[in-house]
Each structure stands twice: as C-alpha cells, then as structure tokens.
Amino acid sequence: MTTWLNMSLQDGASPIMEQLVFFHDHVLMIMLMITTTVSYMMVILIRNKQTSRFMLEGQMIETTWTIAPAIILVFIAMPSLRLLYLMDEVHNPALTLKAVGHQWYWSYEYSDFTKLEFDSYMIPQEEQQESTFRLLDTDNRIVLPMNSPIRLIVTAADVLHSWTIPSLGVKTDATPGRLNQTSFSISRPGILYGQCSEICGANHSFMPITIESVPAKHFINWASKMSE
C-alpha cells in the first residue's frame, strides 16, 4: 500500500516489480546526472562573458555531445528490453486464474478446479470494519499461493476494463471478446490491493482488486473448502 506523502513506488511483491523499481531508480540517476551537467553548463555560459572560438567552431565538442547521448540511451535501452522480454515470458504455470470484468465488479474462475468461481464486489462503506481499507477491500478476496508461477487470463463482459496490481507490476487490459494473458509470481505473503485502471463508467473507481497471498498448503486447504 502507498502511504501519505510517499513519493516512491510501492514495495515490490514479485521479482518483476522489484526489477521495475530497480530500473526506475537506474533511469532516475541518469536523468539526475544529465540535469546536473546541463544546468552547470548553462550557469557557466550565462555568467562567463568570454567567448572561445575553438568552442564555437570545434568539431570535437559536436562529436562528443552526439556520441554521449547515444551511449546513455544504450545504458537505458538494454535493461529496458530485458525487462520487456521477462514480462512477456509465460512460464509453466502452477495455477491459472481467469478474471472477467463487469460493470462494476470482477468475477474470477480458477480453471484448475471444477467449481471454484466467485464474484468480487467492493465492501460498502457502511459495512466496513476498522481493519479494512476504504474503496480497496472486497467481500471475496483472490487467494493465491506464493512462490508459484501463476497465469492470469483477463477478459471483459461489457466494456473495457484493466486488471491492475501495482505491487506485482501487473496491468492487463480486459477487452470484450478477447483473452489477454500475463503471468506473475508473488514473492511474499500478505494482502495486495489494486483497482481497475480503465475509465469504464460511472462506478469505475469502485472496482477494487484484493489478493491474499498465502503458502501453498493454506491455498490447497482453502481451495478444497471452496470447491465443496
């Protein structure tokens, strides 16, 4: 969860999100270096009244400020491309979860089980407890095993939605008549929150997503009880 006055990203709950946070910090340091250098040069040029003809007509400096940005872009592009390939990679999944977006709630189907499916609605404000988060908690949480590759299939029944969990680095569009697929692995136990990230109508902001990450043994017990 993000907290008040928090300027950084959420703590990563998956290996991909941890890599995304690292890449964000990596690019931010490069931007800081460029901003500092350019600002320093601008201040020097404004304050210095002397003019050097070698600087005005020099080909060496022109070659330098052409090659240097190209090298910097390579240092940004290489980890970016690596992350893109890792995010598109679908490993052999231990579990498949299908999410269907409706106006304005989510329904879930565990494809590996016969009778395990449910709808997930936001808890109304008058029914909330002190331990629940306003506009984020649901009546039926998604229970998933930690440290297991999970395949997520997302679609919609009416309009465009977007299934998003920021701490997992997952954001997949739910399109009517189309199945979109992604995969993730949760690296720690806990409760993860997300919301629909597509403007899908009047109650768009009331489509929360709640994931409860548990050990595999607890997940099997929960799935057995739900399938009865």
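The values are calculated or read from the model by the stated rules, or taken from the named source; none is laboratory data. Computed from a predicted model, the values in this text were never measured in an experiment. Remember, those area values only see protein heavy atoms, side chains included, never the ligands or the DNA or RNA. Shrake-Rupley method; radii C 1.70, N 1.55, O 1.52, S 1.80 Å.
At a glance:
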quantity: Pairs of lysines in region 95-227 (C-alpha under 21 Å apart; 8 or more residues apart or interchain); calculated: 6
quantity: Heavy-atom accessible area per residue - region 1-100, 1.4 Å, Å²; calculated: 83 Å²
quantity: With Cα atoms, 0 to 90° folded angle of helix 59-88 axis to the chain main axis; calculated: 10 degrees
quantity: Rounded if a/c under 1.5, otherwise prolate or oblate - region 88-166, Cα gyration tensor axes; calculated: prolate
quantity: Over the chain: helical MRE at 222 nm, DSSP H runs n ≥ 4 each giving -39500 (n - 2.57), nearest 500; calculated: -12000 deg cm²/dmol
quantity: The chain - percent of accessible surface contributed by carbon and sulfur, probe 1.4 Å; calculated: 60 percent
quantity: Under-5 Å amide H pairs with Arg188, H placed in peptide plane, nonlocal only; calculated: Asn147
quantity: Helix 15-47 vs. the chain, principal-axis angle (Cα, 0 to 90°, nearest 10); calculated: 20 degrees
quantity: Principal-axis tilt of helix 216-227 within the chain, Cα atoms, nearest 10 degrees; calculated: 40 degrees
quantity: Rounded D (µm²/s) - region 1-95, Kirkwood Rh over Cα pairs, Stokes-Einstein at 25 °C, 0.890 mPa s; calculated: 142 µm²/s
quantity: Percentage relative contact order, the chain, counting C-alpha pairs under 8 Å, at least six apart; calculated: 22 percent
quantity: Long-range amide H partners of Gln195 with built H, under 5 Å; calculated: Thr164, Ile209
